[in-house]
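Encoded as structure tokens, the structure appears first; notes follow it.
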Amino acid sequence: METGCRLDASSFLVLAALSLSACVTVSAQIKPLVYEEQLLWVSGAQAEVNTYRIPLITFTPKGSLLAFAEGRKLSSGDVGAKFIAMRRSTDKGSTWSPTSFVVDDGLKPDGLNLGSVVVDEEVGSVILIYSICFHLYHCSPSSTMMVESRDDGLSWSPPRNLSVQLGVKAFVGGPGFGIQKRYPPAKGRLVVCGHGTIEGDGVFCILSDNHGKTWYNGAALKSIPYNQQKKAQDFNPDECQPIEMLDGTIVINVRNQNNYHCRCRIVVSSKDGGLTLPVDNLTFDSSLVDPVVAAGALQKDGVLYFTNPSSDQKRVNLTLRWSLTNGTSWVDNPLQIWPGPSGYSSMTSLDSGTAEDRKHIFIIYEKGEKDYYETVSFVKIHLYGGK
Ligand SMILES: *[C@@H]1O[C@H](CO)[C@@H](O)[C@H](O)[C@H]1NC(C)=O
Ligand SMILES: *[C@@H]1O[C@H](CO)[C@@H](O)[C@H](O)[C@H]1NC(C)=O
Ligand SMILES: *[C@@H]1O[C@H](CO)[C@@H](O)[C@H](O)[C@H]1NC(C)=O
Ligand SMILES: *[C@@H]1O[C@H](CO)[C@@H](O)[C@H](O)[C@H]1NC(C)=O
């Protein structure tokens with residue numbers, strides 16, 4: 001752990017015992033509480049948009065927060081014309097800019113879908129990966145697209161078609177964030193993982209070793225039977241969230257689309273920076289009961305966090321869990337964020353190393369009274385019980 005756990009040689013003899021116990025207490029003290037919550041988008045209430053769904057949130061290299069969602073123009077369905085809506089906060093989530101639209105797909109019958117946001121801290125850019133025509137209704141082929149901001153989210157490049165480099169396939173990132181590797185192997189690499197349909201379902205990662213200039217296909221965890229119609233309980237890994245552990249392993253938390261083995265999450269890891277996802281390194285986490293949904297995962301200062309609607313049947317009960325053991329166990333007193341209808345969620349944190357930034361993580365999730373897609377809500381979590 002980075003936080004207050006490093007022992008230097010001169011203090012070692014005197015302070016070793018003391019500091020080691022301090023390390024243990026830092027983790028043991030974790031007692032998340034909802035510090036503040038506000039709705040960023042309300043479906044139906046804003047002009048031109050029927051429904052806001054698929055929320056993403058990221059930090060930026062300058063310490064701002066950017067929130068994104070699909071603004072579905074005509075209906076709540078996955079297929080159809082959309083905007084990519086964005087709001088920006090420069091004060092750690094207290095206030096947010098008005099909504100701007102980063103991408104408008106016109107009135108395409110099978111429009112765009114989010115998507116992954118990935119920050120390149122080495123060059124200071126924020127990259128958004130989305131797809132168009134993912135569902136292949138009324139259109140083909142499906143394309144993987146990218147826009148980029150070099151000014152903290154204020155302006156965005158024109159869309160670039162990554163399918164030219166990746167080949168034509170249906171791939172949609174996350175939904176959630178991609179990562180830039182902070183530790184070896186492949187330090188600096190951008191790793192965006194998502195799922196695909198056209199080539200038969202599964203989790204796929206696309207990689208860039210030059211800050212998003214060129215992309216290539218990395219790891220694939222294929223469904224079984226591959227490229228064939230699925231039945232209930234077939235192996236069908238779907239939407240996913242990668243995180244990097246402190247030893248450089250990438251751990252991907254995956255939606256278990258057909259409830260193979262359990263009504264819980266698939267967890268699979270890559271030791272080679274996203275090139276492979278061996279079946280040897282795949283587990284089912286029976287603690288992470290799931291109603292088949294896109295969930296949030298985050299690693300901060302050696303602690304893992306996980307959000308989903310905690311229910312094996314319904315999208316209700318949005319819950320934050322944390323693990324002090326690299327995901328081998330989860331604390332047994334999770335924090336319920338919202339008992340009612342709740343859907344997709346995503347998390348981020350600011351990692352400047354300041355005491356203030358160590359104390360918080362940020363969650364964005366779909367929240368409703370009757371249906372989970374009524375609003376998109378932002379939650380600032382205090383990790384140490386408000387202290
Ligand atoms: C993106 O590139 C692929 C491969 O060249 C092409 O088939 C597809 O039509 C392009 N999509 C768009 C939206 O231009
Ligand atoms: C992956 O599997 C290999 C072979 O079983 C094992 O040696 C390694 O520790 C595993 N790594 C992870 C991250 O689970
Ligand atoms: C909500 O989640 C908690 C934690 O998993 C669980 O104990 C509780 O039974 C859940 N409530 C409902 C209504 O599913
Ligand atoms: C978690 O993994 C890190 C390396 O990534 C290791 O240093 C630490 O000891 C592990 N913690 C536990 C509780 O296994």
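The values are calculated or read from the model by the stated rules, or taken from the named source; none is laboratory data. Since this is a predicted model, take the numbers as computed values, not measurements. All Cβ positions, glycine included, derive from the backbone under ideal geometry; neighbour counts span all protein chains shown.
Below, the figures for the structure above:
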| item | result |
| --- | --- |
| Looking only at the range 131-182, and only at residues there that are surrounded by fewer than 17 Cβ atoms within 10 Å (Cβ to Cβ) and aliphatic (A, V, I, L, M), the one that is nearest to S208 (Cα to Cα) | V164 |
| Filtered residues of the range 312-334 (kept if in contact (Cβ under 8 Å) with a residue 12 or more places away in the chain, away from ligand 4 (no atom under 15 Å from the Cβ) and on the phi < 0 side of the Ramachandran plot) | D312, Q313, K314, R315, V316, L318, T319, L320, R321, P334 |
| Failed condition for G93, given (1) under 27 Å from S208 (Cα atoms); (2) in contact (Cβ under 8 Å) with a residue 40 or more places away in the chain; (3) among the small types (G, A, S) | (1) |
| Qualifying positions in the range 164-182 - under 15 Å from F134 (Cβ atoms) and within 16 Å of ligand 4 (Cβ to nearest atom) | none |
| Options D110, D104; residue that is touching a Cys at 6+ places or on another chain (Cβ under 9 Å) and either within 16 Å of ligand 3 (Cβ to nearest atom) or not basic (K, R) (or both) | D110 |
| All positions within the range 168-200 that are at pLDDT below 95 and either of a type in the set (F, W, Y) or out of contact with any Gly (no Cβ under 9 Å at 6 or more places or on another chain) (or both) | V168, T197, I198, E199, G200 |
| Only listed residue being touching a residue at least 24 places away in the same chain (Cβ under 8 Å), touching a helix residue (DSSP H, G or I) at 6+ places or on another chain (Cβ under 9 Å) and more than 16 Å from ligand 4 (Cβ to nearest atom), chosen from T144, T99 | T144 |
| Some residue of the range 226-240 being free of Cβ contacts under 8 Å to residues at least 24 places away in the same chain, surrounded by fewer than 24 Cβ atoms within 10 Å (Cβ to Cβ) and more than 16 Å from ligand 1 (Cβ to nearest atom) | yes |
| Selection within the range 259-293 - outside any strand (DSSP E or B), more than 16 Å from ligand 3 (Cβ to nearest atom) and either within 17 Å of S329 (Cα to Cα) or not small (G, A, S) (or both) | N259, Y260, H261, K271, D272, L275, T276, L277, P278, V279, D280, N281 |
| When residues of the range 294-311 are limited to those that are in a loop (DSSP other than H, G, I, E, B) and among the small types (G, A, S), the one farthest from ligand 4 (Cβ to nearest atom) | S311 |
| Top-ranked residue of the range 272-293 - restricted to ones that are more than 16 Å from ligand 4 (Cβ to nearest atom) and touching a Cys at 6+ places or on another chain (Cβ under 7 Å), ranked as nearest to R321 (Cα to Cα) | L288 |
